[in-house]
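The values are calculated or read from the model by the stated rules, or taken from the named source; none is laboratory data. Keep in mind that what you see is a predicted model, and the values were worked out from it rather than measured. With ideal geometry, Cβ positions are generated from the backbone for all residues, glycine too; neighbour counts draw on all protein chains shown.
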Amino acid sequence: MSGGATPERSGANPPSPAQGAGDPSGIEIRCWSRAENLSAIRACVERFAADVGFDEERQARIALAVDEAVANVIRHSYKGQKDGPITLRLAELEGGGVRVELEDEGEAFDPCSIAPRDLAEVKPGGLGIHIIRSTFDRCMWKPRPIRGMAATLEVGLNSPLRSLPSNLSGRMPAAPSDTPDGTDSGHPHSTP
């Protein structure tokens, strides 16, 4: 992994980029599994997506989907534990687009075992899987060799923006919650 600041264990730590957010070739963010880090992660992801060339709507959707994925790690892999390491890598795809790699050292599980909730249910939580799958062209989760999970999410610059399911889009929050209990309850399984 590339160099960069490692988070301190005391107090809340903002994500620490290994490279400047203006470098479209790649960035690495390391932080602890704390919900208060979500807003800074969203800002870094949105800026990176802008630097790669996505329009404002796509920037916001990519940032929201990554927020959901990180919130899943906090909630499901670390079960709210605030000192679990999270590594997020952003890279530009050849031909344009974004590749997101997310790694944790929390409890590994089969993401296919977590089904998205029925969108007809009006209640908070469980929408992350829908948001992630409608945002990225390719989603893949796999257990890491020793502990935790590794996720790879990719979206091409020229990929069509898929609509959120109709009964979800009207209930999208203006800004995602910075709590792992906010809007998510599962990891998406692998999609082509």
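Identify the single condition in (1) modelled with pLDDT under 95; (2) surrounded by fewer than 18 Cβ atoms within 10 Å (Cβ to Cβ); (3) under 11 Å from the mean Cα position of the chain (by Cα) that Ile146 does not satisfy, given that it satisfies every other one.
Among (1) modelled with pLDDT under 95; (2) surrounded by fewer than 18 Cβ atoms within 10 Å (Cβ to Cβ); (3) under 11 Å from the mean Cα position of the chain (by Cα), the lone unmet condition for Ile146 is (3).
On the basis of being modelled with pLDDT of 90 or more and out of contact with any Pro (no Cβ under 9 Å at 6 or more places or on another chain), does Val122 make the cut?
It is false that Val122 is modelled with pLDDT of 90 or more and out of contact with any Pro (no Cβ under 9 Å at 6 or more places or on another chain).
In region 68-89, which residues are among the charged types (D, E, K, R), part of a helix (DSSP H, G or I) and under 15 Å from Ala43 (Cα atoms)?
Once the filter is applied, which keeps residues that are among the charged types (D, E, K, R), part of a helix (DSSP H, G or I) and under 15 Å from Ala43 (Cα atoms), region 68-89 yields only Glu68.
Among the residues of region 44-61, is any modelled with pLDDT of 90 or more, crowded, with 23+ Cβ neighbours inside 10 Å and aliphatic (A, V, I, L, M)?
Yes, the conditions are met somewhere in region 44-61.
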